[in-house]
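Worksheet: the structure to be examined is printed underneath.
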Amino acid sequence: MASVLQPLRDEHRALLANIEDLRSVADVAGEVPGELLRQGLADACRFLVDLVIPQLEAEARAVFPRIVRLVGAAIVTAPMERDLAEIRRLTSVLHQLQDQEGEVTSGEHRKTLRRALYALSILIPLHFRKEEDLYFSILENALNSGEVQRLFQDMDTQRLLPAGPSATPEGGSQS
């Protein structure tokens, strides 16, 4: 029997299929010409801002409140919210590098780029794994089919909302 949250797992898998691209850019950051590195950085930023962060924020706005209600303690979502804050911060670092026209080719900038991309390539899959391992079973056991449908509708609505702080260059950085 398929899980009622399989569509959410499928969304995670689709995003995770592109995580290797972040690692690949990090792997070659010290070796490729500046123009190729800038293109890889732009692609990474688009992937994070257009796909990953909206998914994570939709989950934070739709899934996390349900978990808090079901478990009865807001602290259970705090580590996941911290993951999201760190993903936003690292994305902001990438945007800052992108905005420093020409400087992304310096050794220090390449090192910063590599570190941020490697961190994101570890943190995002880990975040999804924790969410699936910790939260999905709670939701699957507690929500009826109508509530699951509302969860997906809420997530679709949340994806249309503007990104939270630090997801875009204008968002500033969060520490």
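Quick notes
- Exactly one residue out of Glu31, Glu11 is of a type in the set (Asp, Glu) and within 23 Å of Glu132 (Cα to Cα), and it is Glu11.
- Region 15-43 - residue that is surrounded by fewer than 17 Cβ atoms within 10 Å (Cβ to Cβ) and charged (D, E, K, R) and, of those, farthest from Tyr118 (Cα to Cα): Glu35
- Thr77 passes every criterion in (1) at pLDDT below 95; (2) outside any loop (DSSP other than H, G, I, E, B); (3) closer than 28 Å to Pro7 by Cα apart from (1).
Okay, residues lined up against (1) over 13 Å from the mean Cα position of the chain (by Cα); (2) in contact (Cβ under 8 Å) with a residue 40 or more places away in the chain; (3) in a helix (DSSP H, G or I):
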| position | (1), (2), (3) |
| --- | --- |
| Tyr118 | yes, yes, yes |
| Ile124 | no, yes, yes |
| Arg129 | no, no, yes |
| Glu132 | yes, yes, yes |
| Tyr135 | yes, yes, yes |
| Ile138 | yes, yes, yes |
| Asn141 | yes, no, yes |
| Gln149 | yes, no, yes |
| Phe152 | yes, yes, yes |
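- Residue among Val25, Val49, Val68 that alone is out of contact with any helix residue (DSSP H, G or I) (no Cβ under 6 Å at 6 or more places or on another chain) and either assigned to a helix (DSSP H, G or I) or of a type outside the set (Phe, Trp, Tyr) (or both): Val49
Here is a yes/no grid of residues against (1) at pLDDT 95 or above; (2) farther than 30 Å from Asn144 by Cβ:
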{"site": "Val4", "(1), (2)": "no, no"}
{"site": "His12", "(1), (2)": "yes, no"}
{"site": "Val28", "(1), (2)": "no, yes"}
{"site": "Arg61", "(1), (2)": "no, no"}
{"site": "Val68", "(1), (2)": "yes, no"}
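- Any hit, region 116-129, residues being surrounded by 13 or more Cβ atoms within 10 Å (Cβ to Cβ) and farther than 17 Å from Phe47 by Cα: no
- Test: residue in region 94-103 that is on the phi > 0 side of the Ramachandran plot and more than 12 Å from the chain's Cα centre (by Cα): yes
- If the condition is being out of contact with any Lys or Arg (no Cβ under 6 Å at 6 or more places or on another chain) and either within 30 Å of Glu147 (Cβ to Cβ) or not polar (S, T, N, Q) (or both), then region 14-26 contributes Ala14, Leu15, Leu16, Ala17, Ile19, Glu20, Asp21, Leu22, Arg23, Val25.
- Residue within region 49-62 that is basic (Lys, Arg) and within 21 Å of Leu143 (Cα to Cα) present: yes
- Only a single criterion out of (1) of a type in the set (Ser, Thr, Tyr); (2) surrounded by fewer than 17 Cβ atoms within 10 Å (Cβ to Cβ); (3) touching a residue at least 24 places away in the same chain (Cβ under 8 Å) is not satisfied by Ser106, namely (3).
- Identity of the residue in region 69-101, β-branched (Val, Ile, Thr) and within 13 Å of Glu131 (Cα to Cα), that ends up surrounded by the fewest Cβ atoms within 10 Å (Cβ to Cβ): Val76
The values are calculated or read from the model by the stated rules, or taken from the named source; none is laboratory data. Keep in mind the model is a prediction, meaning the values are calculated, not measured. Please note: Cβ atoms are built from the backbone with ideal geometry, for glycine as well, and neighbour counts cover all protein chains shown.
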